[in-house]
1. List the DSSP H helices in the chain whose Cα atoms stretch 20 Å or more along the helix axis and whose mean Kyte-Doolittle hydropathy is at least -0.5.
2. Select from Phe59, Phe36, Phe19 the residue farthest towards the positive end of the dipole of the stretch 11-62; place +1 on Cβ of Lys and Arg, -1 on Cβ of Asp and Glu, and compute about the Cα centre.
3. Quick one: dipole size for the chain, taken about the Cα centre, charges +1 on Lys/Arg Cβ and -1 on Asp/Glu Cβ, in debye to the nearest 20.
4. Most exposed first by the Cβ proxy, i.e. fewest other Cβ within 10 Å, how do Leu26, Leu11 rank?
5. Pick from Ala106, Ala86, Ala68 the residue whose mean-square fluctuation is largest in a GNM of the chain, springs joining Cα atoms under 10 Å.
6. Along the positive direction of the dipole of the chain (beta-carbon charges: Lys, Arg +1; Asp, Glu -1; about the Cα centre), which of Ser95, Leu80, Val114 reaches farthest?
7. Using Cβ counts within 10 Å as a stand-in for footprinting exposure, how do Lys47, Lys29 rank, fewest first?
8. What Kirkwood hydrodynamic radius, in Å, does the stretch 3-115 give when the mean of 1/r is taken over all pairs of distinct Cα atoms and then inverted?
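Derivation of every value follows stated rules applied to the coordinates shown; laboratory data play no part. Being a predicted model, the structure only gives us computed values, none of them experimental. Backbone-built Cβ (ideal geometry, glycine too); neighbour counts: all protein chains shown.
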Amino acid sequence: MSLIAVVLILLVALLHVYFLVLEMFLWTKPSGMKVFRNSPEKAEITKVLAANQGLYNGFLAAGLLWAAFEGKHDVALFFLGCVVVAALYGAYSVSKRIFYVQGVPALAAIAAVVFTQ
């Protein structure tokens, strides 16, 4: 796998580690509420759901790190595809901003993996 592909995969993985931290540990804190535009009441009510989302983001990050460090193209494409699907659904159901934050980097990484095989 090319260096560009690995760097882009690692970028997407780090984004998902960041999402894990935000959703699992900072959801009810001022920084987490600011990112997700939540009120303290809404954050408290939804913190268990957010922690579950964070866990799934951790699984995505783990798969991407595995793919990057082992040079597994097929694994990278699978997990990057999962990120794109999640970004599309998030853009549809929550905010179009999600697609730009999650989906665009994943699509760039997919292109790098595919074009450098």
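1. Values: long enough: 3-25 (32 Å, 2.76); 40-70 (43 Å, 0.37); 73-93 (30 Å, 1.55).
The qualifying helices are 3-25, 40-70, 73-93.
2. Value computed over the given set: Phe36.
3. For the chain, the charge dipole is close to 360 debye.
4. Leu11, Leu26
5. For the chain, modelled as a Gaussian network with Cα springs under 10 Å, the answer is Ala86.
6. Ser95
7. Listing Lys47, Lys29 from fewest to most nearby Cβ atoms yields Lys29, Lys47.
8. 14.2
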